[in-house]
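The values are calculated or read from the model by the stated rules, or taken from the named source; none is laboratory data. Owing to the predicted nature of the structure, the values given are computational and were not obtained by experimental measurement. No Cβ is skipped: glycine too gets one built from the backbone with ideal geometry, and neighbour counts run over all protein chains shown.
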Amino acid sequence: MQQLLAQLFWLNGEVPEAVERFLDTVPSYQAAKREYEQAARQIEAAVGLPAYEDYFAKLADFGSYLQGGYYAFGLGLRQELIRQMLG
């Protein structure tokens, strides 16, 4: 059951693509993305590529748990089930 839920919610490649297509139509998202990319280049220049990539990978991993949790709560799943999925 846990694998099935993970497949549906986290490993579904269609969801990120659909979200990206939608967000590309939102002007404020496009502006935020440009600002983020500029800041990322500045940080990378300051700390070096290996440190930046390590930080970004850890931030992305952490963020995926937060995003998954909010998504699951939005679907009305019980908290115990969410803990099992994220565990």
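Details
- Looking only at residues in the range 1-18 that are more than 27 Å from GLU80 (Cβ to Cβ) and surrounded by fewer than 11 Cβ atoms within 10 Å (Cβ to Cβ), the one that is modelled with the highest pLDDT is GLU17.
- Odd one out for PHE62, checked against (1) of a type outside the set (Asp, Glu); (2) surrounded by 10 or more Cβ atoms within 10 Å (Cβ to Cβ); (3) modelled with pLDDT of 95 or more: (3)
- Taken together, the residues in the range 17-47 that are not in a helix (DSSP H, G or I) and not hydrophobic (A, V, I, L, M, F, W, C) amount to 2.
- The one condition in (1) at negative phi; (2) modelled with pLDDT of 90 or more that ILE82 fails to fulfil: (2)
- Hits in the range 68-83 - residues which are surrounded by 12 or more Cβ atoms within 10 Å (Cβ to Cβ) and in a helix (DSSP H, G or I): GLY68, GLY69, TYR71, ALA72, PHE73, LEU81, ILE82
- Scanning the range 20-59 for residues being surrounded by fewer than 10 Cβ atoms within 10 Å (Cβ to Cβ) and of a type in the set (A, V, I, L, M) gives a total of 2.
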